[in-house]
Amino acid sequence: MTQWKKNEIEKAMDCPMTRRRFMKWLTAAGVATAMPCSFLRSQAASAAGIVYEGGYETFRNACPRNCYDSCGIVTYVKDGVAQFVEGAPESTFTNGGLCVKGHSYIRQQYSPDRIKYPMIQQGRGSGNWKRISWEEAMTRISEKLIEINEKDGSMLGLALTKYSGNFGITNYGVEGMFSSLGYTTRMVGTPCWPAGIDAQNYDMGNMWCNDPEDMVNARYIILWGVNPAWCSVHTMKYIYEAKKRGAKVLCIDPVLTQTAAKADEYWQTKTSEDGALALGMARHILDKGLVDQDWVANNSVGFNEFADYLRKEVTVEWAAEKSGVPADRITQVAEEFATNNPATIWIGYGMQRHVNGGASVRAIDALVAMTGNVGKVGGGARYGHLMTWGFNYHAMIQQTPKGAKGYLGPAAKGEFDFTKKADGPSYSNRTFNINKTARELLNATDPPVRALWVSCKNPLSQDFDRNKLVEAFKKMEMVVVVDQFFNQTVEQADIVLPVTTLFEEWTVNVGYWHYWLSINEQSVKPLHEAKSNIEIAAALSKKMNELKPGSCTFPTDTDTKEWMSKEFNKGIYDLFGLNSWEDLKKGMHKAKTNLLPWADGKFGTPSGKYEFKSDLCSKHGFNALPRYVEGRKPYDKLRLLTPHTKFGLHSQFINLDWMEDFNPQPYVYMNPGTARSRNIAEGDMVIVKNKTGKVTIAASLTDNVPMDAVLMYEAWFKNNDYNCQNLVDDTSADMGGYKAGAPGVAIHSQFADVVKA
Amino acid sequence: MNTYETPLILFTVLSQLSIGLVAMSTLRQIAGPDIEPNKLRMEWLVAGGVLLAGMIASIFHLGHPGGMVQAITNLGSAWLSREALGTGVFLALLVAGVIIMREKTSLGLIVVTALVGLLVIFSMGMTYSPPSFPAMNNVLPFVFFFITAMLLGASVGVLFSSDTTLPMVSRILTVSLIVGLVVYLIVPCIWLSGGEIMRQTGEQWLASPLYWGRIVIGLALPLAIIWTLKKTPGWLWVIILVGELLGRAVFFANTVHTATNMGGIY
Amino acid sequence: MTKQLGFFVDSERCIGCFTCAMACKNQYHQEKGVVWRKVYPLKEEIYPHKERAFYSLACNHCENPTCLNVCPVKAYYKREKDGLVVHEQEKCIGCGNCIRSCPYGAPQYNPVLKKAEKCSFCHQRIDDGRLPICVLSCPVDAIQMIDLAEVDTTGMVRFAPGFPKQPSLNPSVRFRLPKLPVVVRREDL
């Protein structure tokens, strides 16, 4: 809690004795409470709601939903029921509050829509759900898995798709469960940020951002294709503080976002032309002699070739034409950026969800490097980091059963996979690009994918080329989904298994932006028959071995607390200054080191320097220099943008009735000019369609959206089949195969047209 | 904010009918010679019955009808408490009048009752003019309620008038109809040039079929009938009552509340 | 002036994230549709970019509260020690007068209990030495608790555009208005 807030509380409390203590004293003294003192009035809780009463048990939880802010939570429990949550007060980052989603957690926990017990659906999509016992569920699944092994001689017919639905570290037990069954098919990669990860790896040898809390020291901040006012609300305070100290904040985005409204200057830019814009600025900085020659000479390789390229192929006028940003703004800001140190650029994930995303990130990295802003407090090309993720991954690492056969060939690794490949047979899992799930599931042969296990993911709400994915699901012989609500994937499942929420399991959480660590204690008993992913794995293992001894190596006795504690190691303890994980019960801890990347000039690249020219990048099929790469040619009249909304995290939260009070329905946002030419008025129902599919939705008119684009937020609304993924195909982003397992997906390189419904 | 508030429509219209009826009886008694005490008593019995019906209707408006007696607690600042008390006192006076005036009328009681009734209408006017309804945060609710009382009181009152006092009551009715027509046609138009909420109120009233229904059925038609027949029929109160109910519905449903435009220019 | 707690609505810092609104629901579990704290987007006539500036408003704990004045059963009282306007739901008979009369729409009807209810300024939390949950939870400190008797109101706006002006009620809320960025639009459009 900030000092300011502490003072305010002291001032508010002008009575030295709290009301609670006074009431207790009065009751003890047997005095009637009908006295004329205002704070003795009865405060009976209304039957329908609750009021703050004091006397709670508190627990520490951590939001595992994988946004930038990864908040620490204080959960207030009374009589075994979670009453309300607050943000962790001791973390300067969380600072006492969560977000609109985090504060709806109590409703997610006790929602009447929560799946209570294992269920089987008689006919996928029919809604004919029948309750079954865990015993029966495990039996059915085990019998299927055994059948797969018998048919194919391996477990490759069993596939897992899992990603960011729950990033509590112990949930890697799902991957562990799969390993413990044999060699299986895994969807690998990430739709999220892989192109940028690779780009930063080519340039610097790792994706490693400054401590976001040091942004207060920046003199110049460019927020490039990132919308922290919606997606990282806790970072906004550092941006505001920097502004207060005199920094200039520029926001670059195709859309006038909430962040743009809070910046000093906003550039509306042409989608996917960010590389050109960055290169134009670089050219001008070069021309004006504003390059940090010392830093470049001491810490980088390839700058001369980069400068040559700029002089030959990049001009400010060219950049202005490509991006739509006026040349005089480009030159002015370039000079400001180069002369106000430390300067920093926050590169957003939306910006790299393009066919040229990785290339654009490399260009922006170069801008930061050539001005000497890499390795400085308050500087840096900020994207993300994984420096606090050095857990044991005890849950993830399991032995394959004896005699298991698998895929003969290289397997890709996802960006969160820190395991080292064990010595042993050359079998591995079969890996598919998670961003092409529909096509991979449909086309897989030898063997085909027979059973699909879905956990911590909602592919039918989130994955691309949705119509094709529906077809792919039809091909599955069995679909098992582990989830909390009857969402669009569960609707197409055979068996659904109810999983625990963050309040109902022990785990540990870190983030990829800030440097804080949080324990997640079990605050309440699991509701109904919910089990954690670890317990599900244990139950499956037990049943598998009952039916076919030796078919699964996953331990059958589990305790999520024990498994959580096994994730800690000396590395984590040293990094966070902990004696034991129990220290975390008192609150979040911040990493003591690793907060200032590249300050020592020792980069993780082959040359050990910042590589303006990366031979590795060239070897992987891209340009060695951060050259301009064209965006995707439009295949329809308008650009289609499907970014994230502040009201939900992918398909979570928006379905809750508490959230419906604030965000009752989806809209497509379009420019009034675009609407007028199509005879569309505010609120009209319209059809957005393209070669991939269509969406019927109400229109909201605003010039926040440019005339050549339409915008919809990805979301799952309860009892509403709205899904913007109907319109998004699975075209790959350029990079991602190096460090993230598979190329990313060009989510924003999509196009569509709109007609009145 | 905008609901039809049926209990309140019934309560206000019926209680204003009752008060208007008593007011007419008072004016007739003063102007004289009026009907015999027996018939006056009958008139007051009707007034009492109508008022009671209205009061019962109003109870349905409460979330907790059992608490209605407590509604007079805040006489210090709440016009609603004063209205509740006043209505109770008025009803008591009516009952007293019905009991006492068997043989002989008491002018004193009659005048006091009428004055109390007038105060009740004033309290109602104050109750329904909070700052949250800019179009009504003024004397208009009192004016509307007073017109209702006059219209209904006079049109029902003709049934209880003597030959001598009938012309006076008819005259009061005709004047009230004309005043009502003028007021209800002009006021929404004035609202159109007010602030945003007032303007929206004017627009909603003028767009409402119920509003025009009341103008035609409740005001224009009765005037036309009186003009054509050259007298006030005893059944005219029926269409005037219909008009008043329609008009009161508009009053509750189409008067715009400031909270509906937060974030917009007030 | 006696102590009067109120809210400072800093619309310049506010990002319209609705954290405050949901934190309140999280603390009190109101019925669906009953929202004590609302985050109102400023209409384009006041802030030209749609849904990009907001006023987070709940109850303004007025100096001269209409709700308290018009309540027939005296179910409202104003705390002497800090000026908070508290609704005692046990006394409420659900007449709806406060709901109709408050220009800010602060009291709302609870259809389950059939009574009114409104923002309580988290007075139970205040009495226990804590901040109102909306103030605590705001990630950018855009909603702050102030004491109107003590706070320096220099530069604070009393009746912001889009907020009904009722000087006779004297709502205990002050504003900072949102600034506009320099907007550079595409030249090719």
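We did not get these values from a lab; they are worked out from the coordinates using the rules stated. Bear in mind the structure is a predicted one, so any value in this text is a computation, not a measurement. Note that each Cβ is placed from the backbone with ideal geometry, even for glycine, and that neighbours are counted across all protein chains shown.
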Original post:
Farthest toward the dipole's positive end in chain A, which of A:489, A:310, A:569, given Cβ charges of +1 (Lys, Arg) and -1 (Asp, Glu) about the Cα centre?
Top reply: A:489
Subject >> Within straight-line cross-link reach of residue A:619, lysines at Cα separation under 29 Å, skipping those fewer than 8 residues along the same chain >> reply: A:312, A:322, A:413, A:420, A:421, A:436, A:602, A:609, A:633, A:739
**OP:** With the cut-off at 19 Å, report for region B:94-181 the share of all Cα pairs above it, as a whole percent.
**Re:** 55 percent
Subject >> All-pairs Cα distance distribution in region A:107-199, expressed in whole percent, bin size 5 Å >> reply: 2, 10, 12, 16, 21, 19, 10, 6, 3, 0
Subject >> Pairwise FRET efficiency - residue C:150 versus residue C:90, Cβ, R0 = 30 Å, nearest 0.05 >> reply: 0.35
Subject >> Sequence-distant lysines (8 or more away, or on other chains) whose Cα lies within less than 17 Å of residue A:78 >> reply: A:525
Original post:
Ranked from highest to lowest mean number of other Cβ atoms within 10 Å per residue, what is the order of the peptides A:212-225, A:316-329?
Top reply: A:212-225, A:316-329
Original post:
Would you list B:99, A:146 from fewest to most Cβ contacts within 10 Å?
Top reply: B:99, A:146
Subject >> Leading residue at positive end of dipole, chain B (Cβ point charges), from B:170, B:6, B:59 >> reply: B:170
**OP:** Quote the FRET efficiency, to the nearest 0.05, computed for residue B:175 versus residue C:2 with a Förster distance R0 of 45 Å and r equal to the Cβ-Cβ distance.
**Re:** 0.30
Subject >> Volume per residue of the C-alpha convex hull in chain B, rounded to whole Å³ >> reply: 118 Å³
Original post:
Could you give the angle, 0 to 90 degrees to the nearest 10, between helix B:6-31's Cα long axis and the longest principal axis of the Cα atoms of chain B?
Top reply: 40 degrees
**OP:** Would you work out which of A:512, A:267, A:724 lies farthest towards the positive end of the dipole of chain A? Charges go on Cβ: Lys and Arg +1, Asp and Glu -1.
**Re:** A:724
Subject >> Shape parameters for region A:638-756, alpha-carbon atoms, Rg then Dmax in Å >> reply: 15.1, 47
Original post:
Going through the DSSP H helices of chain A, which span 24 Å or more along their own axis at the Cα atoms while scoring at least -0.5 as a mean Kyte-Doolittle hydropathy?
Top reply: none
Original post:
Given the C-alpha centroids of region A:681-753 and region C:126-189, what is the distance between them in whole angstrom?
Top reply: 35 Å
**OP:** Using the structure shown, select from A:151/A:457; A:548/A:570; A:405/A:457 the pairs with a Cα to Cα distance greater than 31 angstrom.
**Re:** A:548/A:570
Subject >> Antiparallel DSSP beta bridges within chain A, percent to nearest 5 >> reply: 45 percent
Original post:
What percent antiparallel are the DSSP beta bridges of region A:647-729, to the nearest 5?
Top reply: 70 percent
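Run through every distinct alpha carbon pair of chain C and return the Kirkwood hydrodynamic radius in angstroms, one decimal place.
Taking every pair of different Cα atoms in chain C, averaging 1/r and inverting gives 17.4 Å.
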Original post:
How far apart, in nm, are two points set 7 Å out from the Cα along the Cα-to-Cβ line at residue A:593 and at residue A:124?
Top reply: 5.1 nm
**OP:** Starting from the coordinates of the alpha-carbon atoms of region A:400-555, obtain the Kirkwood hydrodynamic radius over all distinct pairs and give the value in Å to one decimal.
**Re:** 18.1 Å
Original post:
Going down the list A:376/A:592; C:38/C:78; A:130/A:543; A:237/A:592; A:756/C:38, which pairs span over 27 Å between their C-alpha atoms?
Top reply: A:756/C:38
**OP:** Kindly provide log₁₀ I(q)/I(0) values, in the same order as q = 0.17, 0.22 Å⁻¹, from the Debye equation applied to equal alpha-carbon scatterers of region A:272-370.
**Re:** -0.73, -1.23
Subject >> Cα→Cβ-extended label distance, 7 Å offset, between residue B:104 and residue B:183, nm >> reply: 3.8 nm
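How large is the dipole of the protein assembly as shown about the Cα centre if only Lys and Arg carry +1 and Asp and Glu carry -1, each at its Cβ, rounded to the nearest 20 debye?
The dipole of the protein assembly as shown has a size of about 1660 debye.
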Subject >> Sequence of A:385, B:64, A:528, A:514 once ranked by neighbouring C-beta atoms within 10 Å, starting from the fewest >> reply: A:528, B:64, A:385, A:514
Original post:
So how do A:501, A:170 line up by other beta-carbon neighbours within 10 Å, fewest first?
Top reply: A:501, A:170
Original post:
Just for the Cα atoms in region A:314-353, what are the lengths along the principal axes, largest first, rounded to whole Å?
Top reply: 30, 26, 15
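Rounding to the nearest 20 debye, state how big the charge dipole of region B:6-261 is about its Cα centre with +1 on each Lys and Arg Cβ and -1 on each Asp and Glu Cβ.
Around 260 debye, computed over region B:6-261.
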Original post:
How big is Rg to Rh over region B:1-83, alpha-carbon atoms, Rh as the Kirkwood inverse-mean-distance radius?
Top reply: 1.09
Original post:
What's the extension gain from residue A:297 to residue A:691 if we count 0.36 nm per residue and subtract their Cα-Cα distance?
Top reply: 136.8 nm
Original post:
Using 14 Å as the cut-off for backbone N distance, which residues of region A:584-627 belong to the label zone defined by a point 7 Å from the Cα of residue A:574 along Cα→Cβ?
Top reply: A:592-594
Subject >> Percent of Cα pairs exceeding the 38 Å cut-off, where the set is chain A >> reply: 41 percent
**OP:** For an R0 of 45 angstrom, estimate the FRET efficiency from the Cβ-Cβ distance between residue A:677 and residue C:158 and round to the nearest 0.05.
**Re:** 0.55
Subject >> Cα centre as origin, Lys/Arg/Asp/Glu Cβ charges: chain C dipole, Debye >> reply: 440 debye
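Where Rh is the Kirkwood radius over the Cα pairs of region A:209-383, the temperature 4 °C and the viscosity 1.567 mPa s, what D in µm²/s does Stokes-Einstein return? Mind dumping the intermediate values first?
Working: Rh = 15.8 Å.
So the translational diffusion coefficient is about 82 µm²/s.
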